[in-house]
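Please treat every number below as a calculation from the coordinates, not as lab data. None of the values given here were measured: they were computed from a predicted structure. Here the Cβ positions follow ideal geometry from the backbone for every residue, glycine too, while neighbour counts run over all protein chains shown.
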Amino acid sequence: MEPRLICIDKRRISGRMGGVMSLRLAVLGSGSGSNCQSIFNAIADGRLDAEVVIVLSDHEDAYILERARQHGVRAEYMDCGGFKNKFPLEVQEALAKKLQELDIDLICLAGFMRLVKAPLLEAFPRRILNIHPALLPAFPGVEAWTQALNAGAKQAGCTVHYVDAGMDTGEILMQAYVPVLPDDTPQTLHARIQVQEHILYPAAILSAISRL
Ligand code: GAR
C-alpha cells in the first residue's frame, strides 16, 4: 500500500495554538486547471496534507476558477489591465499582500502564463513552484510539447521547478519522462505529458513542503 505522507511544519505547530495545521496553498492558473484538479484530488485522497486556500486566474472565464468553486475554494480573477502577457508590478504587489494576509505557505503556478517578478519572489522566497510541460532546461516558453516535436526530440516530459525571475529557469525539483512516439501530434503528446504532470505536481509539492 502507498504510504500516506504527512508534512509537519514546526513553525505552524508553535504558531497555531499548538495544533498541527495543513500547509496553505495558493494556485495560479490561466486555463483549464487540470493540474489544479490533480492537487485537489491528491488532497482529497490523502496523498497531500495541504489545503488550497485560494485559486486565482488572469482570465475571468478560465475553467480553473470554476473547478475551485466546485471544490468550495475561494476563486478570484486578477485584472492585469488588458495586457496580454505582462504581469503588472502593481498587480503582483497587491497579490503578494493578499497572499501574505491569507498566511499562504506555498504558491503553485499551474498553467499560469505570465512571468512572476520581484514583488512576489521577494515576498515568497523559494515558496513558488511552477509546472512546465518539458524536460527543462530544454524547451522553455510556450507550447513546449510542440517545440519538442519540431526539434525531433525522442524524449519529452514535464518538470516542477522553483520559480525565479527567468522564464522556466528556476532550480529543478522533479521531472517525469514521456517518450515521443512516431505518430505523435502536438495534441497526443501534450495529452500524455499531462497524465504525468498530474502525478508529478502533487508529489513535487509534497517534496517542496518537506524542505520548507
Ligand atoms: C500544462 O501543461 C502546464 O504544464 C503548462 O500549461 C498547461 C496547463 O494545463 N504550463 C506552461 O506551459 C507554463 N510554461 P492545465 O490548465 O490543464 O493545468
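Brief remarks follow.
- Going from the fewest other Cβ atoms within 10 Å to the most, the residues 79, 58, 183, 105 appear in the order 183, 79, 58, 105.
- If R0 is taken as 22 Å, the Cβ-Cβ distance between residue 211 and residue 98 corresponds to a FRET efficiency of 0.35.
- Highest GNM mean-square fluctuation among 110, 44, 144, for the chain modelled with Cα contacts below 10 Å: 44.
- Residues with amide H under 5 Å from that of residue 52, placed H, sequence gap 5 or more: 25
- For region 18-177, the fraction of alpha-carbon pairs in successive 10 Å shells from zero, as %: 11, 39, 37, 12, 1, 0
- Total lysine pairs under 24 Å (Cα atoms) in the chain, excluding pairs fewer than 8 apart on one chain: 10
- Length-normalised contact order of the chain in % [C-alpha pairs under 8 Å, at least 6 apart]: 19 percent
- For the chain, the longest site-free run once GluC sites (Glu not before Pro) in DSSP loop states with at most 12 other Cβ atoms within 10 Å are removed: 61-170
- Here's how it looks for residue 113: its modeled amide H is under 5 Å from those of 30, which are all 5 or more places away or on a different chain.
- Sorted by Cβ neighbour density within 10 Å, fewest at the top, the residues 210, 38, 30: 210, 30, 38
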